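The values are calculated or read from the model by the stated rules, or taken from the named source; none is laboratory data. Predicted model, so just to flag it, every value in this text is computed and none were measured. Every residue, glycine among them, receives a Cβ derived from its backbone with ideal geometry; neighbour counts consider all protein chains shown.
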Amino acid sequence: MGNTLTCCVSPNASPKLGRRTGQAEPDYESEIYEAAAGDAVAVAPAPAAVEPAELDFGAGEGHHLQHISDREMPEELALESNPSDHPRASTIFLSKSQTDVREKRKSNHLNHVSPGQLTKKYSSCSTIFLDDSTVSQPNLRTTIKCVTLAIYYHIKNRDANRSLDIFDERSHPLTREKVPEEYFKHDPEHKFIYRFVRTLFSAAQLTAECAIVTLVYLERLLTYAEIDICPTNWKRIVLGAILLASKVWDDQAVWNVDYCQILKDITVEDMNEMERHFLELLQFNINVPASVYAKYYFDLRSLADDNNLNFLFAPLSKERAQNLEVRL
């Protein structure tokens, strides 16, 4: 995994997208908008002045040297146990989805809706069922579906409509075509969010791990900046999170100019400005611990299970067991 952030303004495409030279360039932008049309860092106080005679550098009891990470983490955020920073804190998207899940179960119970034929397979003493998605190698298509469903619940069950101008699509449109004001009054459906994200991931050749990190950065932004993701800003927030995640996670990162080739009406300057604001709002905290990543992965699986996004299970074969053992 690469952990190098770059802000590229080169007019040439990156080597990653350069692998596709010689092929006709598809019009990703039209697909994105055709789908969409349907629908404070706390500063540690300075220590008091101490007389030279009173200085004591001993390592005895009562002397605690503050770690740099303790000074960088704002106290109010540490107390709230931000889920994007702390592995024990519950993810925001899973809690926001529970209201709808309970309503669905209640409705099915009142209407005596039968679950039908059980398609989920359970492991036994003789057979172990596994799908093709693991925490180290998630399935791309299923992961994108789960991540976009999490974004959908963020928008649908948001607390308010707090936003910032840099993410407002009315102030910074992603297309030259004028978007009707009515468009911003309705929450986007899950399928529109999925098409938008899927198109970006397909064009930029991003991985499933990048999708999970995208969701981590998105929730971290909403918490740190105290804003909501809503119809007016969801595209730019998601785009900014994908942009940052692809640079942090991928060893061969996609450049900003490459996204301008996918979204043809957006400028490199706009991408650079959005990336800069995104980083500042994250307080340059781009670290994603392995425990936090794993928590988001398993919570996404729980979200998929609650919403009947079934994984394809198959019996564990001897060959696959050996492959899993080698990977471990």
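Here are the numbers for this structure:
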item: Residue match in region 186-199 (condition: out of contact with any Ser or Thr (no Cβ under 7 Å at 6 or more places or on another chain), within 21 Å of Tyr296 (Cβ to Cβ) and at pLDDT 90 or above); result: yes
item: Scan of region 159-209 for residues that are within 15 Å of Leu149 (Cβ to Cβ) and of a type in the set (A, V, I, L, M), ordered by number; result: Ile193, Val197, Ala208
item: Any hit, region 256-266, residues being of a type in the set (A, V, I, L, M) and touching a Pro at 6+ places or on another chain (Cβ under 8 Å); result: yes
item: Verdict on Arg236 being at pLDDT 95 or above, among the charged types (D, E, K, R), within 12 Å of the chain's Cα centre (by Cα) and crowded, with 21+ Cβ neighbours inside 10 Å; result: no
item: Residue within region 167-176 that is in a helix (DSSP H, G or I) and either at pLDDT 95 or above or closer than 20 Å to Gln261 by Cα (or both) present; result: yes
